[in-house]
Amino acid sequence: MSRVPYLDLRAQYRSIAGEVNAAIAQTVESGQFVLGPAVQAFERDFAALCRTRHCIAVNSGTSALHLAFLVLGIGPGDEVIVPAMTFIASTAAVEYAGARPVLVDVEPGRWTLDPAELRNALSPRTKAILPVHLHGLPADMEPIQRFADEHGLAVIEDAAQAHGASYRGRPAGKLGRLGCFSFYPGKNLGAYGEAGAVVTDDDALATECRLLRDWGAEQKYRHVRKGFNYRMDGIQGAVLGVKLRHLPGWIVGRRRCAARYDRRFSALGIKRPVDDPGHVYHVYSICVPRRDELRTALSDRGIDTGIHYPIPLHLQPANADLGNSEGDFPVSEALAGSFLSLPLYPELDDASVDRVATAVEEALGAAKA
Ligand SMILES: *Cc1c(COP(=O)(O)O)cnc(C)c1O
């Protein structure tokens with residue numbers, strides 16, 4: 001029997017090859033390799049998805065986060081509150097801006113930044129909160145925003161995993177002052193290389209983002225800010241423009257797979273986060289004891305899996321300078337030891353979902369016996 005891959009980008013390519021090849025060829029033909037009309041069109045369409053006034057296309061999700069901190073004036077001496085269970089880019093971007101990430105734990109039922117932990121992390125230096133919509137499920141933004149308002153803090157969304165997700169009917173990206181997206185190839189909306197974007201409703205912040213992404217140039221060779229080369233490639237804009245039209249259908253496909261898994265796993269009592277209609281299932285993760293054994297058993301049955309993420313940020317060797325230690329964030333630590341991400345992508349058929357679910361069921365049953 002063939003393997004069930006964790007992700008199959010070639011299956012997606014096959015479904016859009018005609019359109020996407022034509023868009024790439026047109027961009028090459030135009031000679032507009034950096035920004036240009038394809039990127040502008042994508043910015044307009046992606047802002048529409050997020051229902052924001054602005055979208056600024058950049059060269060990665062990390063650059064998007066970096067710009068968001070810079071345009072809010074966050075820098076040396078400032079602190080930004082970040083959940084411990086996320087990808088390392090979330091803290092790295094705070095540090096690129098010269099500020100200090102202050103980690104907090106995540107909620108046991110949602111796996112995103114725990115609003116009840118904010119008070120412990122607050123200091124006179126706190127300037128912003130960076131909730132991360134982990135696995136495509138938006139953080140519980142209402143209490144986070146309320147806390148931010150009470151203390152005069154900015155909320156920036158790390159929406160790198162949450163294209164098209166929503167929280168109480170409002171789109172990810174529109175929930176904070178600025179929303180930051182990644183279009184890394186494996187994300188739900190992925191480029192054919194590196195890419196990212198900042199979205200916002202704030203005209204002045206958008207103007208600053210545009211300046212900083214392109215060398216601080218207000219016009220060619222007149223630099224009014226110390227800027228960066230954070231521009232999106234024309235080819236990535238063309239690819240993303242084509243793929244964005246398919247995103248709503250792909251989200252439907254992801255939700256179909258997730259619902260099918262959910263039905264099987266709820267009967268088994270397997271731990272999952274709260275049900276939320278705004279979830280876009282960038283990752284479908286279960287929590288199981290003896291995770292590594294299950295992972296091996298699934299691999300033996302031809303099923304590839306992932307772990308997002310095996311080490312929380314406070315236990316990453318690179319983050320030793322943040323001053324945290326084991327035991328500081330027990331929920332994140334427990335999740336890191338029990339998370340297992342199962343195959344899930346829009347093209348995955350029902351038979352394969354059932355095959356994975358049955359393999360999980362059998363492996364867990366065998367482990368119990
Ligand atoms: C992917 C990701 C990023 C970084 O995006 P890049 O485009 O790889 O720079 C940041 N935060 C989270 C939560 C991510 O998943």
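The values are calculated or read from the model by the stated rules, or taken from the named source; none is laboratory data. Note that the structure is predicted; figures quoted are calculated from it, not measured. Glycine also receives a Cβ, built like all others from the backbone with ideal geometry; neighbour counts cover every protein chain displayed. All accessible areas refer to the heavy atoms of the entire protein, side chains included, with ligands and DNA or RNA removed. Shrake-Rupley method; radii C 1.70, N 1.55, O 1.52, S 1.80 Å.
Treating only the Cα positions of segment 1-90 as identical point scatterers, give the base-10 log of I(q)/I(0) from the Debye formula at each q in 0.11, 0.16, 0.26 Å⁻¹.
Taking Cα atoms of segment 1-90 as identical point scatterers yields -0.57, -0.99, -1.29.
Can you tell me the FRET efficiency between Asn120 and Ala351 if r is taken as the Cβ-Cβ distance and R0 is 45 Å, rounded to the nearest 0.05?
Efficiency at R0 = 45 Å is approximately 0.40.
Any idea what the alpha-carbon Rg over 2.2 N^0.38 Å comes to for segment 81-233?
1.06
Share of antiparallel DSSP beta bridges in the chain, in percent to the nearest 5?
The answer is about 60 percent antiparallel.
Only Lys, Arg, Asp and Glu count, each charged at its Cβ (+1, +1, -1, -1), so figure out the dipole size of segment 138-249 about its Cα centre, rounded to 20 debye.
Dipole magnitude for segment 138-249 comes out near 440 debye.
Taking the alpha-carbon distance from Lys271 and a cut-off under 25 Å, which lysines remain once sequence neighbours fewer than 8 residues away in the same chain are dropped?
Lys187, Lys368
Based on the mean of other Cβ atoms within 10 Å per residue, sort peptides 321-327, 299-305, 253-259 so the most packed one is first.
Most protected by this proxy first, the peptides run 253-259, 299-305, 321-327.
Could I get the Rg over Rh figure for the chain? Both from C-alpha atoms, Rh via Kirkwood, rounded to two places.
Ratio value, two decimals: 0.98.
What percent do you get for the relative contact order of segment 257-369 when only Cα pairs under 8 Å and 6+ apart count?
Averaging sequence separation for qualifying contacts and normalising by length gives 39 percent for segment 257-369.
So the label point goes 7 Å from the Cα of His223 along Cα→C-beta, right? Which residues of segment 23-53 then have their backbone N under 19 Å from it?
Of the residues in segment 23-53, 35 have backbone N under 19 Å from the label point off His223.
Evaluate E = 1/(1 + (r/R0)^6) for Asp202 and Arg168, where r is the Cβ-Cβ distance and R0 equals 22 Å; express this FRET efficiency to the nearest 0.05.
FRET efficiency, Asp202 to Arg168: 0.55.
With +1 on each Lys and Arg Cβ and -1 on each Asp and Glu Cβ, and nothing else charged, work out how big the dipole of the chain is about its Cα centre, in Debye to the nearest 20.
700
Return the inverse of the average 1/r over all pairs of distinct C-alpha atoms in segment 252-307, which is the Kirkwood hydrodynamic radius, in Å to one decimal.
Every distinct Cα pair counted, the radius reaches 12.5 Å.
Rounded to two decimals, what is Rg over Rh for segment 5-45 when you use alpha-carbon atoms and the Kirkwood radius?
1.09
Evaluate E = 1/(1 + (r/R0)^6) for Glu361 and Ala334, where r is the Cβ-Cβ distance and R0 equals 22 Å; express this FRET efficiency to the nearest 0.05.
0.45
At a 1.4 Å probe, what is the % contribution of carbon and sulfur to the accessible area of the chain?
Ligands and nucleic acids excluded, carbon and sulfur give 52 percent.
Taking the Cα centre of segment 1-160 as origin, sum charge times position over the Cβ atoms of Lys and Arg (+1) and Asp and Glu (-1), and report the length of that vector in debye to the nearest 20.
280
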